[in-house]
Each structure stands twice: as C-alpha cells, then as structure tokens.
Amino acid sequence: MEKSGTQTPLSLAAAEAVRTYAAAARSALGAAESPVISYAGLWLLLASLAPAAETETDEILGLNRADARAAALALLEAPHPTIGAAVAGWLRPGVQLTKGLPVVLDPLPEQAGLDAWADEHTRGLIKEFPLEIDAQTLIVLASALVVTPRWSEQLGEGEDGLLLLEDGFQAVVETEAAGPVAVACPPSEDGISIYSVIAEEGVSADDVWRAADEVVRRIDAGEVRDHALAAQQDGHAWTVREVTVFGGAPSDRWRSHLPEWSEEDRHDLSAAPGVAEVARGVMAAVEEETEAVCVQKAVASYDREGFKAAAVTGMMVRAAAAVPRETKVRQVDLRFDRPHAVVAIARGGAWEGIPLFSSWVTPA
C-alpha cells in the first residue's frame, strides 16, 4: 500500500489523465461489464502517437499533444519492479511516408514476428498479436502493458472455498456513486495495489466503477483508512459480530473472502475516445487511400499468490479496398416466394449426378 518513488508534476498529470480517460472510454465503449480491458494500454499508444493527431488532445487524452507524448515517454522509460510497458511500430518495406510519425518504425515482420513481440513484452501472458496482417497492411502500431504483482503472503482458503485475506487494506466505505461498498486489497511489496470493490446488488456496473474511482481517490488523499467501517451493522456484503480470540492486543478482526478468477477478452476499440483522431493523423502519412482498425487483447488472473494482467493494443493502417468503377448492367431478379423444389446433387467420382436430398419448400 505504500507509494514508492517520487511523482513529478508530469507524472501526476498523467495519472489523472489516464483515470479520466478510462472513465470516458468505459462509457463510450459501453464496456463496464468487460471481463478485462486496459484503458492505460490504449492511452499509452494514443499518447505516444499524439503529435500525429490532427487536432489538440487536451479534451481527449487529458493532455495536449506535446505533454501527452512526453508523459508516455516518461512512463516507458521509468523503471518499475512489476510493470512492463512498450510501444513499437512497423512499416511495410517499400511504403513511402509523406511525413514522419512520432515512433520508430521497423520493417514489418511476418505474423510470427508480431506474435513473438506480444509474447516477449507480456512475459508470455499473450502469445498472439491481436491483429492479423495481410498484403494490404501498411503500418502496424502497438503498445504492450503487463503487471505481475505478488502478495506479500499467500492468501489462505476459507471454509466457503474462497480465498481468505486477513491482512492488507480492508474497509467499508460510503460512496456518492453507489452507496456503501466493501473494499479489499491484499498487501504487496511490488508497488501495485489491487482493489476489489463490491456494491449492493442491483447497482449498475457503471456506478460501481464510479464508486471504485471515488474510493481510490479518497484512499490516496488519506480520507479513507484501513479498517474503516461506514456501517456498524450487517450490510449487503459484510457481517459484523463479536468473536472470541486468544492472545494479543484487543482490536477489530477483519477478513475478506475473495474469489480466484481468470479472464481474457478482445476489444474493438474503434469507438474509444481519441482513436479516430490519432488514426486519421497516421493515415495522412500515407499517400494512398487507407483505413485503420484498433484492437486490444487482454488477460488477467487473481489467485492466492498474486495478480497477473497483460494487454496488447494494436492499430493497423491498411490500403483501402478499391472502389469499383460505375457501370450499367441488366438486372434480373429471381423470386422464390412460392412453393418450389430443392434438390441436392452429388458431384465427382462414383457419386456424380446422384440426387442426395430433395425438398419441396413452401415459403412462409
């Protein structure tokens, strides 16, 4: 739970920008119930490419183009014991750009080369790049983000089959977004806090996420402390009772019962804030007509030893499909809107010409 390192004004601004962007992207994508997604991974890619955007990015990425790029570079170059991050770009040999892009572009490899990049930069958690390249692919841009914190001590196992947390941060917090919520965060010395937040049944996923953002902000501000209890009686996800313990100083005993889980997901990020603006800037670097797609693959797991999560976000610029020229032809429409026969005929070898199935079809 302790914060490590010194945050600069730029890093503080980046943290706020990513938090704000995550909320906006979650809403735009309708992704409140997605099993796993990394808005930070998407933000990192877009911020790295921000100078290519045709408009300023303050309202989208939370920082202007220059500051967004600087913040992304600072994050990529900052060492962290548990986080791995990378941004890369590839250009098909022979493709000429009309302007430079704010990333180093290596020669576009085969699909296996992109898969190997994803595998290496997610510590083996994602084996395949989220986009498949083809002959029309001109540029591929990507970010990778991976976190692998371990708990300071393994979680136990409760009688209910759930993981049992008896240390770390645990609290019941009253929130504006979702009313009282229970919060649990196992202790870790790896510089990452993994908060679980549960609200009353029937509260929308959007409101639970708003409550989670509120809780984290208040914890960081010192407004919510460990073992805070907003309600003195049983609630929607907790019970309060007296128990007898032996030895030690008298104090409240907190325990959280948490599920072990593993998820993976794939997201079309075309509608995420900033994707279209950045993609247009990248496409403008290619003379021919192009189209862009942005996709993310993400995985995460939570067990007695710790938490693992990784995401690879890929943006691909392809040559647009050729628009067929206009011409005039005779149009013949056949309508099978009355009872008619259908027959299946075998073709080839000893079965050639044999009617296999016959049907009399009466349209509804």
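Out of the residues in region 304-315 that are at pLDDT 95 or above and open to solvent by 10 Å² or more (accessible area, probe 1.4 Å), state the one that is nearest to Asp115 (Cα to Cα).
Across region 304-315, the extreme among qualifying residues is Glu305.
Every residue in region 149-179 that is over 28 Å from Thr122 (Cβ atoms) and open to solvent by less than 40 Å² (accessible area, probe 1.4 Å), please.
Gly156, Gly158, Leu164, Gln170, Ala171, Val172, Val173, Thr175, Ala177, Ala178, Gly179
For the subset of region 181-206 comprising residues that are open to solvent by 40 Å² or more (accessible area, probe 1.4 Å) and over 21 Å from Pro149 (Cβ atoms), which member is nearest to the chain's Cα centre (by Cα)?
Asp206
Could you please let me know if Leu131 is more than 28 Å from Asp234 (Cβ to Cβ), open to solvent by 20 Å² or more (accessible area, probe 1.4 Å), of a type in the set (A, V, I, L, M) and touching a Gly at 6+ places or on another chain (Cβ under 7 Å)? Working first, answer last.
Working: more than 28 Å from Asp234 (Cβ to Cβ): yes; open to solvent by 20 Å² or more (accessible area, probe 1.4 Å): no; of a type in the set (A, V, I, L, M): yes; touching a Gly at 6+ places or on another chain (Cβ under 7 Å): yes.
Taking the combined requirement at face value, the residue does not satisfy it.
Name the residues in region 207-236 that are assigned to a helix (DSSP H, G or I), within 21 Å of Pro187 (Cα to Cα) and open to solvent by 60 Å² or more (accessible area, probe 1.4 Å), would you? Outline the logic, then answer.
Kept after step one, since they are assigned to a helix (DSSP H, G or I), are these residues of region 207-236: 207-220.
Filter once more, keeping what is within 21 Å of Pro187 (Cα to Cα): 212-220.
Across region 207-236, the qualifying residues are Arg217, Arg218, Asp220.
Could you grab the pairs with beta carbons closer than 9 Å, sequence gap of 6+ or different chains, first residue in region 273-289 and on the phi > 0 side of the Ramachandran plot, second one open to solvent by less than 30 Å² (accessible area, probe 1.4 Å) and assigned to a loop (DSSP other than H, G, I, E, B)?
Gly274/Ala53; Gly274/Thr57
Quick check on my filter: what residues within region 237-273 are closer than 21 Å to Ala319 by Cα and part of a loop (DSSP other than H, G, I, E, B)?
Narrowing region 237-273 to residues closer than 21 Å to Ala319 by Cα: 268-271.
Matches in region 237-273: Leu269, Ser270, Ala271.
Does any residue of region 109-125 turn out to be open to solvent by 60 Å² or more (accessible area, probe 1.4 Å) and either hydroxyl-bearing (Ser, Thr, Tyr) or touching a residue at least 60 places away in the same chain (Cβ under 8 Å) (or both)?
Of region 109-125, the ones open to solvent by 60 Å² or more (accessible area, probe 1.4 Å) are 110, 112, 120, 123.
With the extra rule that they be either hydroxyl-bearing (Ser, Thr, Tyr) or touching a residue at least 60 places away in the same chain (Cβ under 8 Å) (or both), the set shrinks to 123.
Looking through region 109-125, at least one residue is open to solvent by 60 Å² or more (accessible area, probe 1.4 Å) and either hydroxyl-bearing (Ser, Thr, Tyr) or touching a residue at least 60 places away in the same chain (Cβ under 8 Å) (or both).
Criterion first (outside any strand (DSSP E or B) and either open to solvent by 10 Å² or more (accessible area, probe 1.4 Å) or aliphatic (A, V, I, L, M) (or both)) does Leu138 satisfy it? Steps first, please.
On the way: outside any strand (DSSP E or B): no; either open to solvent by 10 Å² or more (accessible area, probe 1.4 Å) or aliphatic (A, V, I, L, M) (or both): yes.
No: the conditions fail for Leu138.
The values are calculated or read from the model by the stated rules, or taken from the named source; none is laboratory data. Quick caveat: nothing in here was measured; it's all calculated off a predicted structure. Counting neighbours? That spans all protein chains shown, and the Cβs are built from the backbone with ideal geometry, glycine included. The area values use the complete protein model at the heavy-atom level, side chains included, leaving out ligands, DNA and RNA. Shrake-Rupley method; radii C 1.70, N 1.55, O 1.52, S 1.80 Å.
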